[in-house]
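J.: Just passing along the structure, written as structure tokens.
The values are calculated or read from the model by the stated rules, or taken from the named source; none is laboratory data. Given the structure is predicted, the values throughout are model-derived calculations rather than measurements. Cβ atoms come from the backbone with ideal geometry, glycine included; neighbour counts cover every protein chain shown.
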Amino acid sequence: MGVGEGGGELVKQLLENTYDVAAPEVVMVYLEGKPRKGVGPQDVAISLVAATFPGGDVKNKVLEFVGPGVANLSCDYRIGIDVMTTETSCLTSIWQTDEKVADYYKTIGRPEEYKALAPEDGAYYDSVVKIDLSKVENMIALPFHPSIAYTIHDLQARPHEIFAEVEALCNTQLGGKVTLDLQKNIKDGQILCEQGVIVGCSGGMYENIMEAAAILKDGSIGNGYFDMTVYPSSTPIGLALTKNGAAATLMEAGCVMKPAFCGPCFGAGDTPANNTLSIRHATRNFANREGSKPANGQIAAVALMDARSIAATAKNGGVLTAATDIEYDIPEDMTYQFDGAVYEKRCYEGFGKADPTAELRYGPNIKDWPEMPRLGDDMLVKLCAVIHDPVTTTDELIPSGETSSYRSNPIGLSEFALSRREPEYVGRSKAVRDGGINDEVLAVLKQVGGSAETVCVGSCIYAHRPGDGSAREQAASCQKVLGGFANICVEYATKRYRSNCINWGLVPFTLPEGTAFDYAVGDWVYIPDIKKSIAEGKEEFSAKVVTKDGVEDLTLVCRGLTDNDKLILQEGCLMNYYAAGYGK
């Protein structure tokens, strides 16, 4: 079973040879029936996300896919569903295995990796999600989340009503920085799309592209505004599609074939033009993803669809079309011919062949970490970003795309923190970090009865539900580099982000249930005896908030810290923890 985690958490577990996590609840996802022709894995996945994400039904739980319907799905189809389970906010997912999985491992040259997995008799589950695959329809997930889902037929039947509802939600989230207009894409009762993209770990799988090619065979995407790009998810898949002619079929229809690359998912390729409607078989369609920068007036309406319906739409010149509404022939032979030579001839396999004499080359953007401050006896943090959006994603906390070349340059990367959501955050945080015990800090400490000798001063982010999306630890590390000491929220979107906060020395506070957070950027939060309280295992903290109107009391909560978590927070981050001699 694979579990997504931030890098800091992985380092900790590798060094300690263990993975410590509270036993999660397990949810049975019971599959029955067989998908109809034209219904793909993204349709099933979007249906699942829509049913589970809004209510947090499977948050931090393990999804276990079982049932007779599993046998009716190819491995590609199962992978296409599985890669999207992250969007439900689950901890991870696992599938029962069968001869199809055994054959898949043989195909890719790893037969020894196959293991038979199935529920034991009497297996107990905490809850059940039941999916009749035969009843799943072609789906579309509208901005700005995979859970905002409708059947394509429903959207076709009432486009003005649905688009108006989605626009209202989106434009509220965008805070007036830019206005999303979906209505302009309705012409004579039809919905016109301007871009189609099949890409990445969810869309670029072999069978998805094979069926897209079958749909577009002898067809054309037209010579109008609509354009379409296809990215295989790996070079061997791209090679197989080239050898069997599927790539040529797509190119003959007007599609652009590109190398294996997940860039469009985070805006490093095929960035949609401002206020255009892009349909994508990809994983996410957040407001600050795919190259959108609302703070700079750049927004795109990215809707998630399955590759089959994207191809059907392309064949119809960009008019939104469900794949179940068109006739096409699925290729009789969909066998994937894996050729590992593309790896063997290009990639150095160094496992078990360590060479201590090999020179490591450091590029200009590989930099050391700055010194991370330890937790003080007391904490004083300034609110440098206050975000009341329902969800704040890791893409908003630290965007992808333009930051890719800074992943090994922590100081350079931190300059992009919240740049697409609250670009003033970096300057505010650095001002607090670099200001030290200045006159403003002394005035605040006087109001709360604090001491400059015992306090650590830094910045803090408040977000309603931060950390949805990827596991990237930079969403937390950049805050620490900028002088962050805490997060405050109603709840954390994922365990992964909360773990990242702890490992980078950000105390992961939540609010007591029902507590309103009516504070603003520039307000100060003081937590006395924070270090001692964490060491003693206290889970509720009496804090004071200093606003322009005076001082108010506030209770903060931090539950479930392990003994290691407590030490890491006291030391200031995981690196300091090991430098201090803790750990194995």
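J.: Among the residues of the stretch 164-175, what is the count of those that are under 22 Å from Ala322 (Cβ atoms) and either in contact with a strand residue (DSSP E or B) (Cβ under 7 Å, 6 or more places away or on another chain) or in contact (Cβ under 8 Å) with a residue 12 or more places away in the chain (or both)? Give the derivation first.
T.: Of the stretch 164-175, the ones under 22 Å from Ala322 (Cβ atoms) are 164-166.
From what's left, either in contact with a strand residue (DSSP E or B) (Cβ under 7 Å, 6 or more places away or on another chain) or in contact (Cβ under 8 Å) with a residue 12 or more places away in the chain (or both): 164, 166.
The qualifying residues number 2.
J.: Another question, if that's okay. Would a scan of the stretch 367-388 turn up a residue that is of a type in the set (A, V, I, L, M), out of contact with any Leu (no Cβ under 9 Å at 6 or more places or on another chain), under 17 Å from Gly6 (Cβ atoms) and assigned to a loop (DSSP other than H, G, I, E, B)?
T.: Among the residues of the stretch 367-388, at least one is of a type in the set (A, V, I, L, M), out of contact with any Leu (no Cβ under 9 Å at 6 or more places or on another chain), under 17 Å from Gly6 (Cβ atoms) and assigned to a loop (DSSP other than H, G, I, E, B), which makes the answer yes.
J.: Please determine, by comparing only the residues of the stretch 279-326 that are modelled with pLDDT under 95 and among the polar types (S, T, N, Q), which one is nearest to Gly80 (Cα to Cα).
T.: Ranking the candidates gives Thr283 first.
J.: I would also like to ask the following. Quick check: anything in the stretch 425-432 at positive phi and under 23 Å from the mean Cα position of the chain (by Cα)? Quick ask: steps written out before the conclusion?
T.: Keep residues of the stretch 425-432 that are at positive phi, which gives none.
No, that holds for no residue.
J.: Of all residues in the stretch 192-208, which are in a loop (DSSP other than H, G, I, E, B) and either surrounded by fewer than 24 Cβ atoms within 10 Å (Cβ to Cβ) or in contact with a Gly (Cβ under 7 Å, 6 or more places away or on another chain) (or both)?
T.: Just the residues of the stretch 192-208 that are in a loop (DSSP other than H, G, I, E, B), to begin with: 193-194, 199, 204-205.
Within the stretch 192-208, Cys193, Glu194, Met205 meet the criteria.
J.: For Tyr124, which of the numbered conditions (1) exposed (fewer than 14 other Cβ atoms within 10 Å of the Cβ); (2) within 23 Å of the chain's Cα centre (by Cα); (3) not basic (Lys, Arg) fails to hold?
T.: (2)
J.: Follow-up. Among the residues of the stretch 212-233, write down those that are assigned to a loop (DSSP other than H, G, I, E, B), hydroxyl-bearing (Ser, Thr, Tyr) and within 11 Å of Gln195 (Cα to Cα). Reasoning before the result, please.
T.: At the first step, the residues of the stretch 212-233 found to be assigned to a loop (DSSP other than H, G, I, E, B) are 217-226, 231-233.
The next check asks that each one be hydroxyl-bearing (Ser, Thr, Tyr); those that pass are 220, 225, 231, 233.
Residue satisfying the conditions is Tyr225 alone.
J.: Just checking: which of the helices (runs of 4 or more DSSP H) contained wholly in the stretch 234-311 hold 1 or more residues that are out of contact with any helix residue (DSSP H, G or I) (no Cβ under 7 Å at 6 or more places or on another chain) and without any contact (Cβ under 8 Å) to a residue 12 or more places away in the chain? Talk me through it step by step, then tell me what you get.
T.: Details: elements: 235-243, 246-252, 263-266.
Here the list reads 235-243, 246-252.
J.: Of the residues that sit in the stretch 392-418 and are more than 26 Å from Tyr362 (Cβ to Cβ) and not hydrophobic (A, V, I, L, M, F, W, C), which one is surrounded by the most Cβ atoms within 10 Å (Cβ to Cβ)? Break it down stepwise before answering.
T.: If we filter the stretch 392-418 for residues that are more than 26 Å from Tyr362 (Cβ to Cβ), which is where we start, we get 392-397, 418.
Filter once more, keeping what is not hydrophobic (A, V, I, L, M, F, W, C): 392-396.
On the way: Thr392: 29, Thr393: 27, Thr394: 26, Asp395: 26, Glu396: 27.
Per the criteria, the residue is Thr392.
J.: Now a separate question. Any idea which of Ala307, Ala287, Ala295, Ala301 is under 22 Å from Arg158 (Cβ atoms) and either within 22 Å of the chain's Cα centre (by Cα) or not acidic (Asp, Glu) (or both)? Talk me through it step by step, then tell me what you get.
T.: Values: Ala307 fails: under 22 Å from Arg158 (Cβ atoms); Ala287 fails: under 22 Å from Arg158 (Cβ atoms); Ala295 fails: under 22 Å from Arg158 (Cβ atoms).
Among Ala307, Ala287, Ala295, Ala301, only Ala301 is under 22 Å from Arg158 (Cβ atoms) and either within 22 Å of the chain's Cα centre (by Cα) or not acidic (Asp, Glu) (or both).
J.: Which is of a type in the set (A, V, I, L, M, F, W, C) and over 30 Å from Ala471 (Cα atoms), of Leu155, Leu117?
T.: Values: Leu117 fails: over 30 Å from Ala471 (Cα atoms).
It is Leu155.
J.: Keeping to the stretch 349-401, report how many residues are of a type in the set (Ser, Thr, Tyr) and not assigned by TED's automatic domain parsing to the domain that holds Cys573.
T.: The qualifying residues number 2.
J.: Looking at the stretch 454-469 only, could you name the residues that are surrounded by 24 or more Cβ atoms within 10 Å (Cβ to Cβ), closer than 26 Å to Thr88 by Cα and either out of contact with any strand residue (DSSP E or B) (no Cβ under 8 Å at 6 or more places or on another chain) or not small (Gly, Ala, Ser) (or both)?
T.: Ile461, Tyr462, Pro466, Asp468 - these are the residues of the stretch 454-469 that are surrounded by 24 or more Cβ atoms within 10 Å (Cβ to Cβ), closer than 26 Å to Thr88 by Cα and either out of contact with any strand residue (DSSP E or B) (no Cβ under 8 Å at 6 or more places or on another chain) or not small (Gly, Ala, Ser) (or both).
J.: Turning to a different aspect of this structure: Can you tell me which residues in the stretch 327-358 are in contact (Cβ under 8 Å) with a residue 40 or more places away in the chain, farther than 21 Å from Tyr77 by Cα and not aromatic (Phe, Trp, Tyr)?
T.: Hits for the stretch 327-358 are Gly340, Val342.
J.: Turning to a different aspect of this structure: Pairs, please: C-beta under 7 Å, at least 6 apart or cross-chain, first residue within 18 Å of Gly318 (Cα to Cα) and buried (at least 23 other Cβ atoms within 10 Å of the Cβ) and in the stretch 137-163, second at pLDDT 95 or above and polar (S, T, N, Q)?
T.: Asn138/Thr151; Asn138/Ser309; Asn138/Thr324; Met139/Ser47; Met139/Thr151; Ile152/Asn138; Ile152/Ser309
J.: Give the stretch 416-458 a look and list any residue that's of a type in the set (S, T, N, Q) and farther than 29 Å from Ser292 by Cα, or say none.
T.: Matches in the stretch 416-458: Asn438, Gln447, Ser451, Thr454.
J.: Would you check which residues across the stretch 397-424 are of a type in the set (A, V, I, L, M, F, W, C) and on the phi > 0 side of the Ramachandran plot and list them?
T.: Filtering the stretch 397-424 down to residues of a type in the set (A, V, I, L, M, F, W, C) leaves 397-398, 411, 413, 416-418.
Residue satisfying the conditions is Leu418 alone.
J.: Report yes if some residue within the stretch 10-29 is crowded, with 21+ Cβ neighbours inside 10 Å and among the aromatic types (Phe, Trp, Tyr); otherwise report no.
T.: no
J.: Looking only at the stretch 404-439, which residues are touching a residue at least 60 places away in the same chain (Cβ under 8 Å) and not in a loop (DSSP other than H, G, I, E, B)?
T.: Listed by number, the residues that qualify are Ser404, Pro410, Ile411, Leu413, Ser414, Arg428.
J.: Could you look through the stretch 52-74, keep only residues that are of a type outside the set (Gly, Ala, Ser) and under 14 Å from Ala493 (Cα atoms), and pick out the one that is surrounded by the most Cβ atoms within 10 Å (Cβ to Cβ)? Full working, then the answer.
T.: Kept after step one, since they are of a type outside the set (Gly, Ala, Ser), are these residues of the stretch 52-74: 52-54, 57-66, 68, 70, 72-73.
After this cut, where a residue has to be under 14 Å from Ala493 (Cα atoms) as well, the list is 52-54, 57-61.
Numbers: Thr52: 24, Phe53: 23, Pro54: 12, Asp57: 15, Val58: 27, Lys59: 19, Asn60: 19, Lys61: 22.
Per the criteria, the residue is Val58.
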